[in-house]
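For reference, the structure is listed below as structure tokens.
The values are calculated or read from the model by the stated rules, or taken from the named source; none is laboratory data. The structure displayed is predicted, hence computed values, not measured ones. Cβ sites come from the backbone with ideal geometry, for glycine too, and all protein chains shown count toward neighbours.
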Amino acid sequence: METEQRRVEVNVGGRHFETTTQTLPILPNTTFLDRDPSLFSDLLSLLRSPSSSITSPIPNPSRLIQEASHYGLPIQSHLRSALSPPPLLGFDASLSTTLLPASDPFTTALSAAPDGSVCLAHAGVISSYDSTLAYSRSLRTHLDRISSLSRLPCFLSHDSLLPVAVAGSLDHPGLHLYDLAKGAHLGTVFWSDPSDTRLYKAWVTAIAPPSSASSPLFVAFEAAHRENCILCVDPTTLQVTREIGRQSGIAAKSAAPNRVVHLPELGGLVFMSSVSAGAFGYSGYMRLWDPRSDDPVWETSEPGGRSRNSSRFGDSFADVDANGEQMALYKVCWKSGDVGVADLRKLGDDPWIYLSDSDAAAGAGGGVSSIVHCYKGQVFVGRQSGVEVWSRLDEAEPESVGGGRWRRNWMDGEEEAKKGFVRRMEAGGDRLFLCRQGLDGVQVWQTSRSSRQAHSEGHWYQEIRGTRAGTPIFCIIQ
């Protein structure tokens, strides 16, 4: 028998266990561990079982991860994989839990991480939940209401990695960084210009989620006289390295961005957009900036844009999201409710193609108050009538964005949709986090563990809970 499969006997807190060094890669000369034997038993059971076979809820997941830290990184990594939910598939997702902060549970901003953990801003408090969704800690900031929130993948300070939250408020100037572990305010970044002291009181309107630990922060600021720009901030020194896209803000096409996305896959370009609603509908703009030259690479405004003869004139976007991995823009139109797709590599006067189906109720309620979020090849659209998800049925050519056949499903049921329309939405790990209007807390949607087992056994499409009519709707592009 190979060394990796060698049997080993371990005495844990007076209770004897027998396993192999492959299952439990601890030191060979370790024969006694002064730990809780009941926790060790649960931990050993998880390590012996492949993650795809785990279908029942796991008790005390955060305690198990903490216990695994005493046995080394390989065991911790294996355990986190076993405890993580199955891959997020919107058409088979269900409501897993609702996160309710202890005080002021109305969530004003949220930030999800790749490991499935999340930070919530409620009033001026930031509460964090770990990858098992166990409550971690809360930090009371000096802000009355946080409107923008993000987290740095890591923050280097005196040779240590710190969990750092980045927050902005429409009621307070500057961008603020907080050490979540120590509950400390690390510093503030202001928009400053010696020739215009008014900019010092500018507030944050949007923060681009950091794409990596080494990537800069791109933050949108707006001053009281509506002038705005995007600042490029070095997160390690808190120094502003570049100012891009400075605008007067006197018109809709120069208003402060309410969405900023950094696209390292597209040479480091920065996507920015702004949308506003009025008595005559929605209006806004989209723009791609090159931070190196401070020049727009592409821009369009709606309604209208460059293609004045478009049949969709007047049906401007209610929300838009950019995804660098898919090289695509996704928007939802306010009047028709249609979802449009554009290739980031082939932008022009009218680059949009539209996902459609034969169901007359596809855009029921139009796109008023709709939001869109693209994640892992899926497009989630929060409407007044519920949350729908678009997913590709077949693999299109890499250079074909939006091509092929798509599936459209309702993710939530009618009763769930009646609780309130979605006003915030963000995905992280294999979870989708939703904030509903008039509803406290944050809903967590994920694919169930039983679906993971069905998928591993080849019966994935026998159980689809995301549709209202009981069957999926197959769609094509126009």
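Among the residues of region 175-191, those identified as part of a loop (DSSP other than H, G, I, E, B) and surrounded by 13 or more Cβ atoms within 10 Å (Cβ to Cβ) are L180, A181, G183, F190, W191. Where strands (runs of 3 or more DSSP E) sit wholly within region 351-434, those with at least 2 residues that are within 24 Å of T132 (Cα to Cα) and either at pLDDT below 90 or out of contact with any His (no Cβ under 8 Å at 6 or more places or on another chain) (or both) occupy 371-375, 422-428.
Pairing each residue of region 415-426 that is at negative phi with any residue that is surrounded by fewer than 17 Cβ atoms within 10 Å (Cβ to Cβ), provided the two are 6+ apart or on different chains, yields C-beta distances under 8 Å for E416/L95; K419/G438; F421/Q437; V422/Q437; R423/Q437. Scan region 258-283 for residues that are assigned to a strand (DSSP E or B) and touching a residue at least 40 places away in the same chain (Cβ under 8 Å) and the total you get is 13. Might you let me know whether region 250-270 holds any residue that is surrounded by fewer than 15 Cβ atoms within 10 Å (Cβ to Cβ) and over 22 Å from the mean Cα position of the chain (by Cα)? Within region 250-270, one or more residues are surrounded by fewer than 15 Cβ atoms within 10 Å (Cβ to Cβ) and over 22 Å from the mean Cα position of the chain (by Cα).
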